[in-house]
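**Student:** Starting off with a structure, shown below.
Only the coordinates and a few stated rules stand behind these numbers; no lab work does. Keep in mind the model is a prediction, meaning the values are calculated, not measured. Every residue, glycine as well, gets a Cβ built from its backbone with ideal geometry; the counts of neighbours run over all protein chains shown.
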Amino acid sequence: MSALSALIRRDIRIALRVGGGALIGVLFFLTVTVLMPFAVGPDLALLSRLGPAILWLGALLASLLTLDRLFTADHEDGSLDLIVMSRTPLELACAAKALAHWLAAGLPLIVATPVLGLLLNLDGTATLAVALTLLAGTPALTFTGMIGAALAVTLHRGGLLLAVLVLPLSIPVLIFGVAASQAAISGPVSFGTPFSILCALSLISLVIGPFAAAASLRHGLD
Amino acid sequence: MRLSGQNLKCVRGGREVFSGLDFSAASGEALAITGPNGSGKTSLLRVIAGLLMPAEGTLALEGGDAELSLPEQAHYLGHRDALKPALSVLENLAFWHEFLGGEPRDTGKCLAAVALDHATHLPAAYLSAGQRRRLSIARLLSVRRPVWLLDEPTSALDTAGQELFVGLMREHLARGGIVVAATHLPLGIEARDLRMGGAG
Amino acid sequence: MTLTDLANPTRFLALTTRILPWLAGATAILLAIGLYQSAMAPDDYQQGATVKIMFIHVPNAWLSMFVWGVMSIAALGTLVWRHPLADVAAKSAAPIGAAFTFLALVTGSLWGRPMWGTYWEWDARLTSVLILFLMYLGLMALWRAVEDPSRAARAAAVLTLVGAINIPIIKFSVDWWNTLHQPASVFRAGGPTLDKAFLWPLLVMAIAFSLLFITLHLAAMRNEILRRRVRSLQMMQASRTAVIGEAKEMGAA
């Protein structure tokens with residue numbers, strides 16, 4: 001256990017220090033959200049209707065782009081070799097890395113949501129609904145995105161390839177995340193139904209993600 | 001304790017790097033893997049470390065901990081130092097100490113053993129190549145593992161650093177450890193020679 | 001005391017030690033006067049007491065642009081004259097500029113709240129300020145992303161100058177985009193036909209805030225210079241360690 005907590009603490013520390021990318025994700029989220037009104041027009045009624053979708057898309061892209069370096073940084077400096085060799089099961093180490101990434105890069109997105117909700121003319125309930133669905137859904141994004149991040153190590157390229165690999169996998173999360181937020185705002189479905197499916201998706205990805213990532217790392221090293 | 005490999009064959013990217021390779025090293029013995037560039041010294045080390053799958057052959061560590069696999073009982077010191085420039089020298093070492101499951105042990109003493117105890121709180125980014133190498137060597141000291149797999153361990157070190165490292169290897173061997181080192185420089189300790197390439 | 005003297009970081013530190021208390025004092029006095037005058041200014045016949053937000057909002061909005069101007073000059077200093085203090089000036093101005101821009105945004109949306117009924121409206125001027133804020137944050141992220149200051153300096157300088165050229169284009173585009181959808185901005189209600197009762201407090205506040213910027217900027221530059229000294233001292237310590245270590249071993253041998 002202390003090995004995993006050491007890994008989590010190290011990754012968070014690196015993310016927050018100079019050169020770390022934790023806050024750039026939030027900045028990206030902010031920028032993408034601000035771009036939307038320029039494309040669809042500044043009509044507040046329209047923006048508040050599109051708001052949850054815009055925020056979800058922004059959070060999806062932001063959490064995906066920051067995932068790029070999840071394993072490649074450790075691969076480049078040789079840390080990954082030692083993590084693979086260690087007595088800690090690789091699946092658990094992967095899960096710990098993803099958790100650290102979510103804490104450092106995912107949580108700030110949720111904290112930023114109320115501010116962005118203000119820009120998109122969302123009222124209190126709507127903002128709360130979006131923040132809640134992001135809280136339940138972003139772990140799923142991180143833990144499925146991790147699979148792509150592990151493949152990026154194997155294939156020696158990340159960036160756009162990672163996005164192309166992972167974006168289709170995150171479609172269910174997007175569907176139920178936006179559906180739950182819309183349900184809370186205007187109905188007609190109850191909030192609980194899509195929200196529990198969203199939570200289920202997160203739980204499934206918590207299991208599948210680490211195994212798939214560990215498998216691809218094991219076979220991809222050379 | 002005895003580390004041995006039999007009939008090892010390694011294929012990388014469709015090219016056969018080596019085949020039919022046998023080796024063994026007992027407690028207190030050092031094995032120096034020598035040979036020209038591209039003869040597969042690093043590949044052999046990575047095969048022993050479990051980071052590459054051998055195409056054929058078997059590896060065994062007799063007399064080790066039966067519960068643990070060979071890589072779990074080995075230290076690997078590769079070309080890359082596994083250091084994070086944003087973290088301080090001590091944070092880097094303390095992380096590996098904790099992650100690799102070392103017994104409670106004074107990490108400060110390990111830093112002193114590689115003459116880095118004055119730089120404890122400086123970011124690892126400020127270290128020179130030789131100092132970075134010393135810091136990774138401190139990792140070998142902070143967690144006890146019977147098998148040391150070393151890839152060109154002395155390449156970045158100055159003479160003082162090399163002497164210091166020879167002393168540390170001697171201590172490790174005297175405690176019954178095993179050293180397998182890929183090198184093109186003399187190791188500085190009595191070692192059995194495993195010549196790669198040429199002879200096949 | 002000439003400009004070249006100022007260029008020397010040590011002289012700069014010595015000079016600012018003497019100047020800073022006076023600057024801070026003058027800033028405090030002017031701010032007090034300006035705030036008092038603002039409080040005493042009459043209410044607007046249309047906007048009521050909310051018009052007083054203007055006395056904070058306008059100086060902040062003005063500084064949000066002015067600071068980018070300062071940074072652009074510093075960027076030229078980095079690129080053209082390769083001046084050691086230029087990057088220090090640019091880097092330490094960025095967070096202050098971002099803070100002023102943020103205050104302009106907050107006060108702007110507070111001002112707009114009674115007019116619009118919401119805290120945020122995609123009003124042309126406010127939107128331009130928001131984009132400026134994002135650009136400040138991006139620039140700060142760039143400086144943070146690279147540990148070695150001299151490597152970050154040139155990249156940041158290029159980005160600052162590109163930003164300086166782009167800001168008017170962005171502003172024009174946003175205005176055009178906005179008029180497509182809705183005319184009339186609350187901020188134009190104040191307009192150039194400002195009453196004298198408003199003009200004086202506004203002027204005092206503008207000067208007070210400019211002084212505040214200069215004070216904060218000089219203090220931040222001192223911090224940055226000292227931070228870089230600490231960094232180079234640490235690097236010296238790192239290399240000295242090896243020598244001490246070797247000496248120890250030589251002694252033991």
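**Student:** How many nm is it between the label spots at C:R113 and A:E76, if each spot is 7 Å from the Cα in line with the beta carbon?
**Tutor:** 4.5
**Student:** Another question about this same structure. Calculated FRET efficiency, B:H121 and C:D148, Cβ-Cβ r, R0 22 Å, to nearest 0.05?
**Tutor:** Once the sixth-power term is evaluated, E becomes 0.70.
**Student:** Continuing with the same structure: Find out how many positive minus negative residues lie around A:K97, taking Lys and Arg as positive, Asp and Glu as negative, among other residues whose Cβ is under 9 Å from that of A:K97.
**Tutor:** Local charge sum for A:K97: -2.
**Student:** Could you size up the charge dipole of the protein assembly as shown around its Cα centre, putting +1 on the beta carbon of Lys and Arg and -1 on that of Asp and Glu, and report it in debye to the nearest 20?
**Tutor:** The dipole magnitude comes to about 1040 debye.
**Student:** Which of C:L202, B:A66, A:L30 sits closest to the plus end of the dipole of the protein assembly as shown, meaning its Cα is farthest towards the positive end, when Lys and Arg get +1 and Asp and Glu get -1 on the C-beta?
**Tutor:** The listed residue farthest towards the positive side: C:L202.
**Student:** Quick check: net charge around B:G20, other residues with Cβ under 14 Å of its Cβ, Lys/Arg +1 and Asp/Glu -1?
**Tutor:** Around B:G20, the charge tally is -1.
**Student:** Now a separate question. Return the whole-Å distance between the Cα centroid of region C:128-175 and the Cα centroid of region B:153-175.
**Tutor:** 49
**Student:** Add +1 for every Lys or Arg and -1 for every Asp or Glu among the other residues with Cβ under 14 Å from the Cβ of C:L142, and state the total. Walk me through the numbers before you get to the answer.
**Tutor:** Details: positive: C:K91, C:R144, C:R151, C:R154; negative: C:D87, C:E147, C:D148.
Taking every other residue near C:L142 into account, the sum is +1.
**Student:** Also, quick follow-up: Can you say what percent of the DSSP beta bridges in chain B, counting only those with both residues inside, are antiparallel? Round to 5.
**Tutor:** 45
**Student:** Now, a different point. Can you give the convex hull volume of the alpha carbon atoms of region A:2-220 per residue, in Å³? Could the numbers behind the result be given before it?
**Tutor:** Numbers: hull volume 24.8 nm³, N = 219.
With only Cα atoms used, region A:2-220 gives 113 Å³ per residue.
**Student:** Taking only the alpha-carbon atoms of region A:120-222, what semi-axes of the equivalent ellipsoid follow from 5 times the gyration tensor eigenvalues under a square root, in whole Å, largest first? Walk me through the numbers on the way to the answer.
**Tutor:** Numbers: eigenvalues 202, 37, 17 Å².
Semi-axis lengths for region A:120-222 are 32, 14, 9 Å.
**Student:** For chain A, which DSSP H helices look membrane-span-like by this rule: Cα extent along the axis of 30 Å or more and mean Kyte-Doolittle of at least 0.0?
**Tutor:** Going by DSSP H runs, the hits are A:44-67, A:124-155, A:192-220.
**Student:** How high is the FRET efficiency between B:Q6 and A:I171 when r is their beta carbon distance and R₀ equals 51 Å, given to the nearest 0.05? Intermediate results must be reported in sequence, preceding the final value.
**Tutor:** Numbers: r = 50 Å, r/R0 = 0.98.
E(calc), rounded to 0.05, equals 0.55.
**Student:** Roughly how many Å is it from the Cα centre of region A:1-62 to that of region B:30-108, as a whole number?
**Tutor:** Result: 37 Å between the Cα centres.
**Student:** Using the Kirkwood radius over Cα pairs, work out the Stokes-Einstein diffusion coefficient for region B:2-195 at 25 °C and 0.890 mPa s, in µm²/s as a whole number.
**Tutor:** 143
**Student:** When we measure straight from the Cα of B:K41, which lysines land under 26 angstrom away, once same-chain ones fewer than 8 places off are left out?
**Tutor:** Within the straight-line cut-off, B:K41 pairs with B:K9.
**Student:** Still on this structure: Compute the label zone of B:S27 within region B:56-81: residues whose backbone N is under 20 Å from the point 7 Å along Cα-to-Cβ.
**Tutor:** Answer for region B:56-81: B:60-75.
**Student:** A further question follows. Taking the Cα atoms of the protein assembly as shown, what is the range of coordinates along each of the three principal axes, in descending order and whole Å?
**Tutor:** The principal-axis extents, from largest down, are 96, 73, 41 Å.
**Student:** Tell me the label-point distance for the pair A:V164, C:I19, using the 7 Å Cα-to-Cβ offset, in nm and rounded to one decimal.
**Tutor:** A separation of 5.6 nm, rounded to one decimal place.
**Student:** In addition: May I ask you to derive the FRET efficiency for B:M53 and B:T159 from their Cβ-Cβ distance with R0 = 35 Å, giving the value to the nearest 0.05?
**Tutor:** 0.35
**Student:** If you don't mind, another one. Run the reach check for A:K97 against lysines, Cα to Cα strictly under 18 Å, same-chain hits fewer than 8 apart removed. What comes back?
**Tutor:** B:K84
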